[in-house]
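The values are calculated or read from the model by the stated rules, or taken from the named source; none is laboratory data. Predicted model, so just to flag it, every value in this text is computed and none were measured. Backbone-built Cβ (ideal geometry, glycine too); neighbour counts: all protein chains shown. When the accessible area is computed, the model is the full protein with side chains, heavy atoms only, and any ligands, DNA or RNA have been set aside. Shrake-Rupley method; radii C 1.70, N 1.55, O 1.52, S 1.80 Å.
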Amino acid sequence: MFQFIVKKFIKNYQDTTLPHVRASYGTVCSILSIICNGLMVVFKLVFGFLTNSVAIQADGFNNLSDMGSNLATLFGFKLAGKHPDADHPYGHGRYEYITGLIISFLIFLVAFSSLKESFLKFIQPELLHFQTGAVIVLVISILIKFWMASFNKKAGQLIDSTSLRAAAQDSLNDVITTLATLISLCLSLVIDWPIDGIIGTIVSLFVLKSGIDIFKETVDPLLGQSPDKELIDQIYDYVMSFDKVMGIHDFMLHDYGPGRQYMTFHAEVSCHEDMMEIHDQIDLIERELLEKFHVLTTIHMDPIDMDDHLTNELREIVKKIVTQINHQYSIHDFRIVNGPTHTNLIFDVLIPADDCIKHKDLKQLIQSKVKEVNSQYFCVIQIDHAFI
């Protein structure tokens, strides 16, 4: 069913990295969810009034609130697909994250409301009355919601969408809560305990946890989380496959929404080769990264001397000193400036983002160890924190 609907309504459905294809997935999923929830609202309210079942009517109004989150997802994808403008030159892709945030708040609301009702039922148990009609309605609701959760989950994984994954989790939460209601109703035939309140409390806590997980997943990219390591490794291996590039460092990757990533890094190149030829290859790499990984990239060239024996020897000495201090540390942009009385060793030290060592202390430690090698060596050090 998933493949049939996707092929039928989404043009170029296989190219999920394109923003307009992602928007089509979001639109189709949102409209399907709105239709399914709308049908359940009408079905449950009508059946609830005919059977005079308050529980079924309440479940119908819950589906009405679900339609609100589906509309939020729909508008989120529409807004995320807007063309960049003067006030938002990087586009509007982060609207998709905001949509996931809204859904997480709605899940919190449902969880706390359900927790309150479950607690009241636990301390003031109400006698449940088994109704065959209610069971039929609940089973149909479970099947529809499970299909919606499965559909949104597949689409969310396919286009890497936090808002669709949030919508899938929201539907799955409804499956679990409705299933809990069904179990409570069936157990009421044989058990006099306040089973409704007990199961409701357990389910409410589960829904609350899922809301927290979705909240974290949507907040992290808004705050600027570390990029996917697998993506960075692929980019690193690809860039290093070009013969003019001798090393890369100072990676920075900015996420302005799915399919809207901007990256910068420094590429070390030989200072002895033709700069025009190197520049031509750097331009090619930037174009290829956009084509292959859909990341708009700006590369800064760092000319380095790999043919000077003394420079190479001192680079290895300093690299060993730095890694002995901390195996996670590394150096780059190494060069030397010789003088009549001393030699300056100029380089950058890259340390992890969460490393709290004082820069002044680290510089002094490195300088003292370099002095042990030769008292005429002076270090000019720049400390960088890794963004990757």
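Accessible area per residue for the chain is 55 Å², calculated with a 1.4 Å probe on protein heavy atoms, without ligands, DNA or RNA.
Between M240, M67, M148, which gets the highest mean-square fluctuation from a Gaussian network model of the chain, Cα cutoff 10 Å? Per the Cα network of the chain with a 10 Å cutoff, M240 tops the list.
In plain terms, the chain from E313 to C356 could stretch by 12.5 nm, reckoned as 0.36 nm per residue minus the Cα-Cα distance. Taking the longest Cα principal axis of the chain as reference, the axis of helix 275-293 is set at about 10 degrees. With contacts taken as Cα pairs under 8 Å at a separation of at least 6 residues, the stretch 308-388 carries a relative contact order of 29 percent.
Working from Cα positions, state the angle (0 to 90°, nearest 10) between the long axis of helix 229-240 and the longest principal axis of the chain. For helix 229-240, the angle is close to 30 degrees. Based on C-alpha pairs under 8 angstrom that are at least 6 apart in sequence, the chain has a relative contact order of 12 percent.
For the pair Q3 and S226, label points projected 7 Å from Cα toward Cβ lie 3.8 nm apart.
For the stretch 76-173, carbon and sulfur atoms together expose 66% of the accessible surface, with a 1.4 angstrom probe and every protein chain in place.
Selection among N70, L115, I142 by position relative to the dipole of the stretch 68-148 gives I142 as farthest towards the positive end (Cβ unit charges, Cα centre).
Taking a point 7 Å out from the Cα of L296 in the direction of its Cβ, the residues of the stretch 240-267 whose backbone N falls within less than 20 Å of it are 251-266. DSSP assigns beta bridges within the chain; of those with both partners inside it, close to 40 percent run antiparallel.
Dipole orientation for the chain: of the candidates L106, N326, V337, L106 has the Cα lying most toward the positive pole (charges on Cβ; Lys, Arg +1; Asp, Glu -1). Close amide H contacts of D302 (hydrogens built in the peptide plane, cut-off under 5 Å, sequence separation of 5 or more or a different chain): A267, E268, V269. In terms of packing, defined here as the mean over residues of other Cβ atoms within 10 angstrom, the peptides 227-236, 213-222 line up highest first as 213-222, 227-236.
Is the stretch 254-388 best put as rounded, prolate or oblate by its Cα gyration tensor, with a ≥ b ≥ c the root eigenvalues, rounded for a/c under 1.5, and otherwise prolate when a/b is larger than b/c, oblate when not?
Oblate shape, in that a/c is at least 1.5 and b/c is the bigger or equal ratio.
The long axis of helix 132-159 is offset from the longest Cα principal axis of the chain by roughly 20 degrees. A Gaussian network model of the chain, with springs between Cα atoms under 10 Å, assigns the largest mean-square fluctuation among N63, N152, N312 to N312.
Adding -39500 (n - 2.57) for every DSSP H run of four residues or longer, then dividing by how many residues the chain holds, sets the calculated 222 nm ellipticity at -22000 deg cm²/dmol. For the stretch 296-310, 3J(HN,Hα) computed residue by residue from phi via the Karplus equation (6.51, -1.76, 1.60; θ = phi - 60°) reads 6, 10, 10, 10, 9, 8, 10, x, 10, 9, 9, 9, 8, 4, 5 Hz, glycine and proline entered as x.
Computed in the context of the full set of protein chains, the accessible area of the stretch 215-346 at 1.4 Å probe radius has 52% of its extent on carbon or sulfur. Which label belongs to the value computed from this structure, given these candidates for volume of the Cα convex hull per residue in Å³: [x] 135; [y] 149; [z] 190? Correct label, based on the coordinates given: [z].
A simple charge model with +1 on the Cβ of Lys and Arg, -1 on the Cβ of Asp and Glu and nothing else charged puts the dipole of the chain at about 1740 debye relative to its Cα centre.
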